[in-house]
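I have placed the structure first, in the form of structure tokens, so that the comments after it can refer back to it.
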Amino acid sequence: MKNTLLSLNEATRTVNSGSNKVTLLDNINLNVEVGEFISLMGPSGSGKSTLLNCIGMLDHFTDGGYTFLGEPVHSMKEKNRSKLYKEYIGFVFQAYHLIDELTVYENIETPLLYKSVKSSERKAMVADMLDRFNIVGKKDLFPIQLSGGQQQLVGIARALIGKPKLILADEPTGNLNSKQSEEIMELFAQLNKEGVTIIQATHSESNAAYGSRIINLLDGKIV
Amino acid sequence: MILNYIKIAFRTLRKNKGYSFLNIFGLAIGITCASLIFLWVEDELSFNSEFDKQDQVYYVPTHQEYDGEWRTFNSTPGPFAEAMKTEIPGIVKASRTKHRDFLFAVNDNAINSGGRFVDADFIEIFSLKFVEGNAKDAFKNPEAIVITKETAEQLYGENTKVLGNVLTIDNKDQYLITGVIGNLPKNVTFPINWIAPFERWSGDKEWTNEYGSFFADTFVALSPEADFNAVDAQVRGLLEKKTGDSDSKAFLHSIKDWHLRDHFENGKQVGGRIDSVRLFTIIALIILLIACINFMNLSTARSEKRANEVGVRKAMGSGRTRLIFQFISEALILAFIATLVSVLLLFMLLPQFNLLIEKDLVLGLAKPLHMVFLLGITLVCGIFAGLYPAFYLSSFKPVEVLKGLKVTQGSANYIRKGLVVGQFTISIVFIICTILVYQQLQHIKNRDLGFDKNQLISLNVNGTMIEKFDVIKQDLIQTGAVSSVGLNNSGILNGGNNGSNLTWTGGTNTEDVLIFFRYVSSDFLETAGMEIVEGRGFYENMAKDSASVLITESFAKLMGQGSAIGKKIDRGDVYTVVGVVKDYLFDDMYGQSDPVMFFNYHGEASYMYLKTNPKIGTSDVLSKIEAVMKKHNPAFPFEYSFVDDAFNAKFKSEQLVGKLSQLFALLAILISCLGLFGLAAYTAEQRSKEIGVRKVLGASVAGIVKLLSKDFLKLVGLAIVIAIPMAWYVMDNWLGNYAYRIEINWWVFVIAGAVAIVIAMVTVSFQAVKAALANPVDSLKTE
């Protein structure tokens, strides 16, 4: 039986650039079921990142409806929205975006701090995650001491630590070589098997192939 | 969470050593500076505060009217104290007092020690605590003396019972020690080392019982229930009631105002040291402000580096409040470190500062007040300095910063520039003030005094100096170290004796004019380097001049047209003017020369002046004089002072303002430069790509340095424009306090502006040159 995680109904995102109104996303209709692995594809500027950011609630649609787990995000207050994405969404970035001043351990721990998870519980969860990604030995290193692949691994670990229902990955392998890319994509596939819904934006056909569904964007429209 | 913030803060600190240093050091200087000032302010405010009856004790000065203007004097007639006590119900204690320096001698211990002859009430007015003896019996014996514990220890050594000992004073009078009181704190307006019954001094001096002689320092205590205004009104009326004259009004001056509010102008209280206290409190706050501005500037300038972290944290679920909290805690941690550094600086600098301001301040970190104060400063600075960066940084939108878009700097840029302009404005105002204060001081010190203060030594007259004056003079001149010796009944720089109600030929309303009297030996004028512009000086034989006087030019002017020689002055006895002396300044070095009348009489002289030979070294001169004095006046220790030192001491508060404004100008500039340095580094970094592109396209190093420096110089230029009218306003006000003052010259502003520009240029160009010399390949590759 299929379970709807989120649905977009004629979702639109426009920005004002000078006196021009530029449409970044144009009447997007999209249903994402729990357990899907969606690959967003399209050339630069087609709106992949914007769509991810809007779904991830870091950005917002200017028009149309957005329902997440049955709740209308578009009419929600900032505070509730932030609660919602803290709880259910994890981010993975192309440039990893680890905090340079924090160790691997502390980077992974950060989302838990914002969720006010108790210290003992945090320790267990982080240890678990380190274990699972085989990076226990690196837990006291700083991001700068890691390779790109390892940094992205930490980035994914951090995204997963809060047990999100949805992972949004914006070109997760864009800064990695092909071997590292493959490893990361394998990891995503593995996670997806374990039940995590994933939406990734990518340029690469081979990466897109890991997904269960491919959505092509062009000029802010699904084609 | 907090631990996490602290960890991050320290790692950020370590990672950006340069910025951290600028931040912490700048703030530490600010805090150190403010702490020094506040220590001084605390000391000033604490004067006389250790006496018990803060709300009841008053000093009684008098306003006296001369020529339609009220002057204020620290003296009252002898019988006035008793009259106030008996006739004004609210006054329960009253004491006449007279200050005297005593020479105490016990065996080989001889010390000069100031104290007062007082009425018995004095003990209760000041709640003096007896260590030996008791307050009730202390003054029963007319030959009693009560000394402080410190004096007792100096004379008899520690832990010696001294009650009942007989003390010989000035080598002739015997006093019986009837009590020892605890030491008075250092910060009191009227220090005493001993007290003795007033009658012992007044004795058979009839004039001390007359209302016509104003000579006593009078203190009173009000009853706790008394209404000050009612009592004060009665005190103001009492002199007239006694004498029938309405031109003298005594009034009550609260113990709480003695130190800070003791200036009177035309019968009104017009401040005093409280003005300096206020001024420096404001300066302390301004310096703290500059330091905080620095902090804000450097923090927001580094925003690019922190932006990514803000984005990630927001994406991880941090709300804005938490980020604000995080950044403020970081600022607090920095402020706390700065405070620790500044405590260290305080330990190092306090001795120097004490030397500078001639005080004995202690850091007293253990004092709760000081502790609370330092923590307070830390908190306020941390929060104040952290607030803007916190709000600014936490406002970044994660989507933008994570995409690597340039943070839109619009408003922050303006604020940052505004802050730099603010800092430099303050610095430039400080520079201008420093120059003008210095000029005014030099102006006043170089003023033609009408006498020559250099090579002039002053001795207090004691023992047999008057009787043996002729031989002493002869012997002194024979040493070759001294060229001339003169006696005077008052100090050459002091106001001294004066009176009115004189009449003279050629003058109108002469009764109202206050005339100053000087009783001098015949060669005093020559010794002091005063110039006789008309007529003759005094004869050596003072009997021949018993009806002759010399007057100063300003007095001669009051006698109308023509030569004053031969005109008569009636002061009970009639005197003939035989010479006119060039006007000279005394008492108020900023004011006009008041009219003076010289008499040829040195029987009651208090000061001996010696003009020394400039060709002989000072120590040589002094030892020669000492030998002569030891020979003729062996009972007294040889004590002297230089008139030019005493003259300089008259400008203590101005000198303090001068020295401190120099210090603060320097620090303000230093802190501002730290900030500018940081900002320049930031700009250079920000524009590294632009610089790279320009270099590839063929820009020269000089061109790029100019490009980077130009913007900053514009800011400094703006600061100059704002600072000039501000400084002009402040200094014109300050100079307005002085009758004899400089005019503000435009070139002062030019110099201050030039100094600011040069300093800013040096600071900025260091970074600009570094950026301009960088290899463009490096900066272009990173993108």
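A short reminder: the numbers here are calculations on the coordinates, not readings from a lab. Computed from a predicted structure; not experimentally measured. No Cβ is skipped: glycine too gets one built from the backbone with ideal geometry, and neighbour counts run over all protein chains shown.
Data overview
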| quantity | calculated |
| --- | --- |
| Rg ratio (alpha-carbon, reference 2.2 N^0.38 Å) - the protein assembly as shown | 1.37 |
| Trypsin sites (Lys or Arg not before Pro) restricted to DSSP loop in region B:98-182 with at most 15 other C-beta within 10 Å | B:129, B:136, B:140, B:161, B:172 |
| Trypsin sites (Lys or Arg not before Pro) within region A:72-148: DSSP coil, no more than 13 neighbouring Cβ in 10 Å | A:77, A:118 |
| Partner chain coverage, peptide A:111-120 - average Cβ within 10 angstrom | 3 |
| Computed FRET value (nearest 0.05) for residue B:546 with residue B:721, which takes r as the C-beta separation and R₀ as 60 Å | 0.30 |
| Fewest-first sequence of B:240, B:206 by Cβ atoms within 10 Å of each Cβ | B:206, B:240 |
| Size descriptor, Kirkwood hydrodynamic radius, that averages inverse alpha-carbon separations across chain A, Å | 18.0 Å |
| For residue A:167, distant residues with modelled amide H under 5 Å away | A:90, A:197, A:198, A:199 |
| Residue B:588/residue B:387 FRET efficiency (R0 41 Å; Cβ-Cβ; nearest 0.05) | 0.25 |
| Antiparallel %, DSSP beta bridges [both residues in the protein assembly as shown], to 5 | 70 percent |
| Sequence-distant lysines (8 or more away, or on other chains) whose Cα lies within less than 24 Å of residue B:611 | B:445, B:453, B:468, B:473, B:582, B:624, B:630, B:631, B:650 |
| Restraint check, A:77/B:17; B:85/B:140; B:98/B:149, Cα-Cα greater than 32 Å | A:77/B:17 |
| Set of aspartates and glutamates with alpha-carbon distance to residue B:770 below 14 Å, sequence-local pairs under 8 removed | B:685, B:778 |
| Antiparallel bridges, percent of DSSP beta bridges restricted to chain B (to nearest 5) | 80 percent |
| Peptide B:315-325 - average C-beta neighbours from other chains (10 Å radius) | 6 |
| Average Cα contact separation per residue, region A:4-222, under 8 Å, 6 or more apart, as relative contact order % | 33 percent |
| Förster-model FRET efficiency, 51 Å R0, residue B:270 and residue B:304, C-beta, rounded to 0.05 | 0.40 |
| Contact order relative to length of chain B, as percent, for alpha carbon pairs under 8 angstrom and 6 or more apart | 14 percent |
| Viscosity 1.306 mPa s, 10 °C: Kirkwood-radius Stokes-Einstein D of region B:57-258 over Cα pairs, µm²/s | 89 µm²/s |
| Under 26 Å between alpha carbons - lysine pairs in region B:199-326 that sit 8 or more apart or on different chains | 9 |
| Zone residues, region B:27-51, relative to residue B:340, backbone N less than 17 Å from point 7 Å out along Cα-to-Cβ | B:27-29, B:31-32 |
| Cα-Cα separations in region A:116-214 greater than 24 Å, expressed as whole percent | 23 percent |
| Equivalent ellipsoid semi-axes - Cα gyration tensor, region B:456-649, angstrom | 32, 17, 15 |
| Chain lengthening between residue B:512 and residue B:246 when straightened (0.36 nm per residue, less Cα-Cα) | 94.5 nm |
| Likely footprinting exposure, B:47, B:295, fewest C-beta neighbours within 10 Å first | B:47, B:295 |
| Region A:7-57 versus region B:150-200: alpha-carbon centroid distance in Å | 95 Å |
| Length gained when the stretch residue A:33-residue A:182 is fully extended (0.36 nm per residue, less Cα-Cα span) | 51.1 nm |
| For region B:1-54: span of alpha carbons on each principal axis (Å, largest first) | 57, 26, 8 |
| Residue-averaged [θ]222 nm for the protein assembly as shown, counting only DSSP H segments that reach four residues, each worth -39500 (n - 2.57) | -15500 deg cm²/dmol |
| Isotropically averaged projected area of chain B, using the convex hull of Cα atoms (one quarter of hull area), nm² | 43.2 nm² |
| 13 Å Cα-Cα reach of residue A:221 towards aspartates and glutamates, excluding residues that sit fewer than 8 places from it in its own chain | A:10, A:26 |
| Contact order normalised by residue count of region B:1-131, Cα under 8 Å, 6+ apart, percent | 15 percent |
| Gain upon complete extension [residue B:356, residue B:714; 0.36 nm per residue less C-alpha separation] | 125.2 nm |
